[in-house]
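Read the structure below first, then the notes.
The values are calculated or read from the model by the stated rules, or taken from the named source; none is laboratory data. Owing to the predicted nature of the structure, the values given are computational and were not obtained by experimental measurement. FYI the Cβ positions are ideal-geometry reconstructions off the backbone, even for glycines, and counts take in every protein chain you see. When the accessible area is computed, the model is the full protein with side chains, heavy atoms only, and any ligands, DNA or RNA have been set aside. Shrake-Rupley method; radii C 1.70, N 1.55, O 1.52, S 1.80 Å.
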Amino acid sequence: MTAAGRPPARPAPASVPEPDPTADQATKDAMSNATTVSPAHSASTASTLITNIASLVTNDPSLGDNSPLGLVRDAAVAIEGDRVVWTGDQSKAPATDNRVDAGGRAVLPGFVDSHSHLVFAGDRTQEFNARMSGRPYSAGGIRTTVAATRAASDEELEANVTRYLEEALRQGTTTFETKSGYGLTAHHESRALRIAAAHTDEVTYLGAHIVAPEFTEDPAGYVALVTGEMLDACAPYARWIDVFCEKGAFDGDQARAILTAGKAKGLHPRVHANQLSYGPGVQLAVELDAASADHCTHLTDADVDALANSRTVATLLPGAEFSTRAEWPDARRLIDAGATVALSTDCNPGSSFTSSVPFCVALAVRDMGMTPDEAVWSATAGGAAALRRTDIGRVTPGAYADLTLLDAPSHVHLAYRPGVPLVTGVWRRGVKVP
């Protein structure tokens, strides 16, 4: 940290590849607004070559079979430093001294978990047990985690974040976004974001998770805090601002005021939208050019059309429906309309206590109408689009060398063999995870 308590300035990004003229509009928009990557080095200088890949998911149609996944059979991937520098048929691979044999397994991009809540203390086992016995979920349970998080030390919160990140990494997640939202005071929210920022650039200010208990009788006063003193304390640590736009949390006018204030501070919007009921969240997300509208369970035709005709990604979080026995989002409806869809875990202690993207892929295929190809794309390139990045979520020259090796010949096994720990190797930024 600097003496002023702000995070150190991040280096200016280099250039990104130009969008593919054949790509769909959502992909072009995501590329044009991406966090940028360095130009690829020559493949001849590759320091690592992964060979004998039965099926490689590149997420670039031009590199593979012209499908959205850009599948390459009998493939190899060359890595130099933290970047991919070459992909293709292994018979044409560049020479290198360091070769890794994938053993006829599948390789795909590291998963991009674009929605999580990892800075918290305690758990809500009793609440979950009661809900599974018939009690419906409501936003009020968040207050339990707020009390535990406020009472926890910095060291306890840091240890929790580290634990869940290591858990996710073992399951193939190489990029994650995470939020505040369990402090609800200027001090506790900025503390949460400071801790999160030590682990990821994708940090989201969610002071507007619910109205803080101290402001139950004065929600307008809490909105003033979220858009004033709390925002000032939190903005230095965050890239994004989010709001839970839902009955029992914040209405459309309150959410607009909060997101607009965040934009004025340089934070870009995300929205918890239409999770528990129909509401204004999706339309507000599109209006404000939010990177994502997350949950999207209860959608009107107008909501679907708005998403399909915008660059706001519909991020679906099947772990929440699994853990609350709620209605599943209709991914098929969104995809058929032309919306860009991401899959994420929503890892949090109340409504979706899972860090497993493979589990969410299996749920999306089984219960949300997605094909295995669509689910894998949404958990990789879709998550990257929800973060407006093209340097992750794909295995293409210039992208980060974030790779997941499956103990299976195809990515389809993620849905075909649900619950089986198929991830047998992970590279993050070109380094093999122990």
- Message: Using the basic label-point model (7 angstrom from Cα toward the beta carbon), what is the Asp232 to Ala130 distance in nanometres?
- Response: 3.9 nm
- Item | Antiparallel DSSP beta bridges within the chain, percent to nearest 5 | 45 percent
- Note on the structure: Residues of region 334-376 with backbone N under 13 Å of the label point set 7 Å from the Cα of Arg170 along Cα→Cβ are 355-356
- If the cut-off is 23 Å between C-alpha atoms, which lysines fall inside it for Lys179, apart from same-chain ones fewer than 8 positions away? Lys247, Lys263, Lys265
- Note on the structure: For the chain, whose charge dipole is built from +1 on Lys and Arg Cβ atoms and -1 on Asp and Glu Cβ atoms, the candidate among Trp427, Thr178, Gly88 with its Cα farthest towards the positive end is Trp427
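Report the local net charge at Thr204: Lys and Arg +1, Asp and Glu -1, summed over other residues whose C-beta lies under 12 Å from its C-beta.
Working: positive: Lys179, Arg239, Arg270; negative: Glu177, Glu189, Asp201, Glu202, Asp242, Asp294.
Every neighbour counted, the sum reads -3.
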- Item | Cα centroid separation - region 237-279 against region 303-341, whole Å | 18 Å
- Task: Quote the charge dipole size of region 280-421 about the Cα centre in Debye, to the nearest 20; the model charges only the Cβ of Lys and Arg (+1) and of Asp and Glu (-1).
- Result: 340 debye
- Query: Placing +1 at every Lys and Arg Cβ and -1 at every Asp and Glu Cβ, with all other atoms neutral, what dipole size does the chain have around its Cα centre, in debye to the nearest 20?
  - Reply: 620 debye
- For the chain: relative contact order, % (alpha-carbon pairs under 8 angstrom, 6 or more apart): 19 percent
- For region 94-110, take each phi angle, set θ = phi - 60°, evaluate the Karplus expression 6.51 cos²θ - 1.76 cosθ + 1.60, and give the result in whole Hz per residue in order, putting x for glycine and proline. x, 6, 7, 7, 9, 10, 10, 8, 6, x, x, 9, 8, 10, 9, x, x
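Region 263-364: Rg/Rh from Cα coordinates, Kirkwood Rh?
Rg/Rh: 0.96.
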- Item | region 72-162 - convex hull of alpha carbons, volume per residue in Å³ | 200 Å³
- Message: Per residue, how much accessible surface does the chain expose to a 1.4 Å probe? Answer in Å², no decimals.
- Response: 39 Å²
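Go through region 230-314 and name the chymotrypsin sites (Phe, Trp or Tyr not before Pro) that are in a DSSP coil and have 14 or fewer other Cβ atoms within 10 Å of their Cβ.
Listed in order of number, the matching sites are Tyr278.
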- Query: What part of the accessible area of the chain, given as a whole %, is carbon or sulfur when the probe is 1.4 angstrom?
  - Reply: 51 percent
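Is there a quick way to get the dipole size of region 373-434? I mean about its Cα centre, with the Cβ of Lys and Arg at +1 and of Asp and Glu at -1; what is the value in debye to the nearest 20? Walk me through the intermediate numbers first.
Details: 7 positive and 5 negative charges, 50 e Å.
The calculation lands at about 240 debye.
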- Task: Could you work out the local net charge near Leu334, counting Lys and Arg as +1, Asp and Glu as -1, over the other residues with Cβ closer than 11 Å to its Cβ?
- Result: -3
- Query: What order, most packed first, do the peptides 183-195, 143-155, 320-332 have when packing is the mean number of other Cβ atoms within 10 Å of each residue?
  - Reply: 183-195, 320-332, 143-155
- Note on the structure: So, with points 7 Å from each Cα along the Cβ direction, the Glu287-Asp336 label distance in nm works out to 2.9 nm
- Just report the Cα centroid separation between region 150-225 and region 411-434, whole Å. 27 Å
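Semi-axes, largest first, in whole Å: what does sqrt of 5 times each Cα gyration tensor eigenvalue give for the chain? Kindly include the intermediate steps, with their values, before the conclusion.
Numbers: eigenvalues 244, 104, 88 Å².
Equivalent-ellipsoid dimensions as semi-axes: 35, 23, 21 Å.
Looking at region 209-348, send over the antiparallel percent of its DSSP beta bridges, to the nearest 5. Could you put the intermediate results ahead of the total?
Details: 0 of 14 bridges.
Here the share of antiparallel DSSP bridges comes out near 0 percent.
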- Message: What number results when the radius of gyration of region 119-225, computed over Cα atoms, is divided by 2.2 N^0.38 Å?
- Response: 1.14
- Task: Could you list the residues of region 78-101 with an amide nitrogen less than 15 Å from a label point located 7 Å from the Cα of Thr424 in the Cα-to-C-beta direction?
- Result: 100-101
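Take the Cα atoms of region 206-286, build their convex hull, and give its volume per residue in Å³.
On the way: hull volume 6.5 nm³, N = 81.
Value for region 206-286: 80 Å³ per residue.
How much net charge surrounds Ala186 when only the other residues with a Cβ under 13 Å from the Cβ of Ala186 are counted, with Lys and Arg +1 and Asp and Glu -1? Spell out each step's value before the answer.
Numbers: positive: Arg150, Arg191, Arg194; negative: Glu189, Glu214, Glu229, Asp232.
Taking every Cβ under 13 Å from that of Ala186, the sum is -1.
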